[in-house]
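S.K.: Below you'll find the structure I mean.
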Amino acid sequence: MKLWGGRFTKPTNQLVDEYTASIRFDQQLAKHDIQGSMAHVEMLSACNILSESDATAILAGLQTVAEKIQSGDAELTEEHEDIHMNVEKLLVEEIGPVGGKLHTGRSRNDQVALDMRLYLREAIVEISQLLLGVQQALHNQAKAHLDTILPGYTHLQRAQPVLFAHHMMAYVFMFQRDIERLSDSWKRVNQSPLGAGALAGTTFPIDRSLVADKLNFDGVCQNSLDAVSDRDFVVEFLANASLVSTHLSRLCEELVQWSSAEFNFIELDDAFCTGSSMMPQKKNPDVAELVRGKTGRVYGHLIGMLTTLKGLPLAYNKDMQEDKEGMFDTVETLRGALALFAPMIDTMHVKKENMYKAVAEDFSNATDLADYLVGKDLPFREAHAVVGQVVLYCIQQNKFLLDLSLEEFQQFSPLMNEDIYKVLAPESVVNARDVVGGTAKNRVEEQIKTAEQLFQINTEWIHRQAVKIGAKKEEEPIFAHD
């Protein structure tokens, strides 16, 4: 009989067991399930709901069960449906009927909500740490290329030149927002649902705050119905993960483009590329392509979770068993992508000369010619029209702006003088954008320093939360570069 089978007259159909069982994927929660159970037992003992001897036996048994699961010596079966029932079955086998007292004052409904919050706390810390590593790799490339100029694009057409460092820093700040979103979500993840029971609480005189304190939660969920049916924290994580994936995918797209022969701006290290089974000359940016491709699966998990929740009445429904696989897969997908991304960026070879050649052979300095005329008191719209005519002339003559003689320039406006050549030089064009957040070298240096301050904030936050959940010790180094 099932542990819950007292009111049933026959066993469930084997097909039902196979269809409804979640043990094949929720066994990932084993550590968290036992962690929560141990805190629950300690609270039951402190509240005199369990005797000290029973609590001691159960705690010792849970420790043994944890070790057996970790070593692979424990058999987890579909017959016992999920990780919660499997752990309880193993505990009873280990210490006898007293193990059945473990579930006093709680339901699988509040138990699974607790496990998922414990799991996501760890995932948020780990993913934040990996994101910081990607930020630092981009930051390293930025510091190494403060004098490297490449075309900036709009509509995938060359627009204005920018520093390569400026381009790298754009992604640093994208990933900074991702870390900030994850850290902000922590306060909603880090609330304990345990004690909500199946939906209405429990008749036992439990101390919910004591359990929350033991597990280093910031507080308890305030409504028992909401506590067991809430999966907002999962949706929020999946949404945040989707934005991380979006940012990774955008950068991957540029890496794929830049490494093509048509751009030839970068070369990815051989360790992060693959070849062709037929064409021996090929070097394919497969890692970047696959990270880009896996973005769709992360989006899918977000939409799937939202769809699962949209029509559910309070409180718990079996539909909510669908909350875990997408969450697990999203964590695994991000973990793999981010772990690869930092070394791929760190080892990327930047072809500075090719980037500069591209800037010298386009019209991305045309705006500066218009601004030059505005500085000579010509209205911008008139200046815009004049420069458009100059560009058209250059196209017809197969020239670029810096190829024109002063006489050719003055055909279009007598306001143009010898100083025009300095104004239109790529270095001048870049450094003329001397505003906060601009691509001028001194402004990019400011961005780099700002990012270093943010990295310190990030690492301190990650360290604090890692200590809180037991993933690090207080005395361990705080900063990632240590």
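S.K.: Kindly indicate whether Cys273 is under 30 Å from Asp323 (Cα atoms) and in contact with a strand residue (DSSP E or B) (Cβ under 7 Å, 6 or more places away or on another chain).
M.R.: No.
S.K.: Is the range 234-255 home to any residue that is touching a Pro at 6+ places or on another chain (Cβ under 9 Å) and within 23 Å of Leu138 (Cα to Cα)?
M.R.: yes
S.K.: Scan the range 9-44 for residues that are outside any loop (DSSP other than H, G, I, E, B), surrounded by fewer than 22 Cβ atoms within 10 Å (Cβ to Cβ) and over 33 Å from the mean Cα position of the chain (by Cα) and report the count.
M.R.: 6
S.K.: Just checking, how many residues over the range 291-304 are touching a residue at least 24 places away in the same chain (Cβ under 8 Å) and surrounded by 14 or more Cβ atoms within 10 Å (Cβ to Cβ)?
M.R.: 9
S.K.: Still on this structure, I have one more. Do you know which residues across the range 200-224 are farther than 20 Å from Asn48 by Cα and of a type in the set (S, T, N, Q)?
M.R.: The answer is Asn216, Gln222, Asn223, Ser224.
S.K.: Another question, then. Would you check if Leu238 is closer than 29 Å to Lys352 by Cβ, of a type in the set (A, V, I, L, M, F, W, C), at pLDDT 95 or above and surrounded by 21 or more Cβ atoms within 10 Å (Cβ to Cβ)?
M.R.: Taking the combined requirement at face value, the residue does not satisfy it.
S.K.: A further question follows. Check the range 75-91 and report whether any residue there is crowded, with 21+ Cβ neighbours inside 10 Å, of a type outside the set (Ser, Thr, Tyr), touching a strand residue (DSSP E or B) at 6+ places or on another chain (Cβ under 8 Å) and touching a residue at least 60 places away in the same chain (Cβ under 8 Å).
M.R.: Among the residues of the range 75-91, not one is crowded, with 21+ Cβ neighbours inside 10 Å, of a type outside the set (Ser, Thr, Tyr), touching a strand residue (DSSP E or B) at 6+ places or on another chain (Cβ under 8 Å) and touching a residue at least 60 places away in the same chain (Cβ under 8 Å), which makes the answer no.
S.K.: Also, I was wondering about something else. Within 16 Å of the chain's Cα centre (by Cα) and buried (at least 22 other Cβ atoms within 10 Å of the Cβ): is that true of Ile149 in this structure?
M.R.: No: the conditions fail for Ile149.
S.K.: For Thr295, indicate whether it is under 28 Å from Ala137 (Cβ atoms) and under 14 Å from the mean Cα position of the chain (by Cα).
M.R.: Yes.
S.K.: Based on what the data block shows, is Tyr356 among the aromatic types (Phe, Trp, Tyr) and modelled with pLDDT under 95?
M.R.: Answer is no for this residue.
S.K.: I'd like to know if the range 210-231 contains one or more residues that are touching a residue at least 24 places away in the same chain (Cβ under 8 Å), among the aromatic types (Phe, Trp, Tyr) and either part of a helix (DSSP H, G or I) or closer than 16 Å to Met116 by Cα (or both).
M.R.: yes
S.K.: Just one of Leu248, Leu199 is farther than 15 Å from Leu118 by Cα, in a loop (DSSP other than H, G, I, E, B), in contact (Cβ under 8 Å) with a residue 24 or more places away in the chain and not aromatic (Phe, Trp, Tyr); which is it?
M.R.: Leu199
S.K.: Inspect all residues belonging to the range 158-175 and state whether any of them is over 30 Å from Leu338 (Cα atoms) and not hydroxyl-bearing (Ser, Thr, Tyr).
M.R.: Yes, the range 158-175 contains a residue that is over 30 Å from Leu338 (Cα atoms) and not hydroxyl-bearing (Ser, Thr, Tyr).
S.K.: Another question, if that's okay. Give the residue that is farthest from Ile127 (Cα to Cα), with candidates limited to residues of the range 192-237 that are touching a strand residue (DSSP E or B) at 6+ places or on another chain (Cβ under 7 Å) and among the charged types (D, E, K, R).
M.R.: The extreme case among them is Arg208.
S.K.: Continuing with this model, one more query. Which is over 23 Å from Leu210 (Cα atoms), under 34 Å from the mean Cα position of the chain (by Cα) and not polar (S, T, N, Q), of Glu94, Glu122, Glu67, Glu79?
M.R.: Among Glu94, Glu122, Glu67, Glu79, only Glu67 is over 23 Å from Leu210 (Cα atoms), under 34 Å from the mean Cα position of the chain (by Cα) and not polar (S, T, N, Q).
S.K.: Another question, then. Quick one: which of Met327, Met344, Met305, Met320 is within 30 Å of Gln157 (Cα to Cα) and part of a helix (DSSP H, G or I)?
M.R.: Step by step, each of Met327, Met344, Met305, Met320 is checked, and only Met344 is within 30 Å of Gln157 (Cα to Cα) and part of a helix (DSSP H, G or I).
S.K.: Here is a follow-up. How many of the residues in the range 72-87 are modelled with pLDDT under 95 and in a helix (DSSP H, G or I)?
M.R.: Selection size over the range 72-87: 7.
S.K.: Could we say that Val391 is buried (at least 19 other Cβ atoms within 10 Å of the Cβ) and of a type in the set (Val, Ile, Thr) here?
M.R.: No, not satisfied.
S.K.: What's the number of the condition Ala315 fails, among (1) small (Gly, Ala, Ser); (2) modelled with pLDDT of 95 or more; (3) under 26 Å from Asp33 (Cβ atoms)?
M.R.: Condition not satisfied by Ala315: (2).
S.K.: Something else about it: Tell me the helices (runs of 4 or more DSSP H) entirely within the range 415-482 that contain at least 1 residues that are within 23 Å of Trp186 (Cβ to Cβ) and hydroxyl-bearing (Ser, Thr, Tyr).
M.R.: 441-468
S.K.: Additional query: Spot the failing condition for Asp110; the list is (1) surrounded by fewer than 24 Cβ atoms within 10 Å (Cβ to Cβ); (2) more than 16 Å from the chain's Cα centre (by Cα), and only one is missed.
M.R.: (1)
The values are calculated or read from the model by the stated rules, or taken from the named source; none is laboratory data. This one's a predicted model, so the numbers in the text were calculated from it and none came from an experiment. Cβ sites come from the backbone with ideal geometry, for glycine too, and all protein chains shown count toward neighbours.
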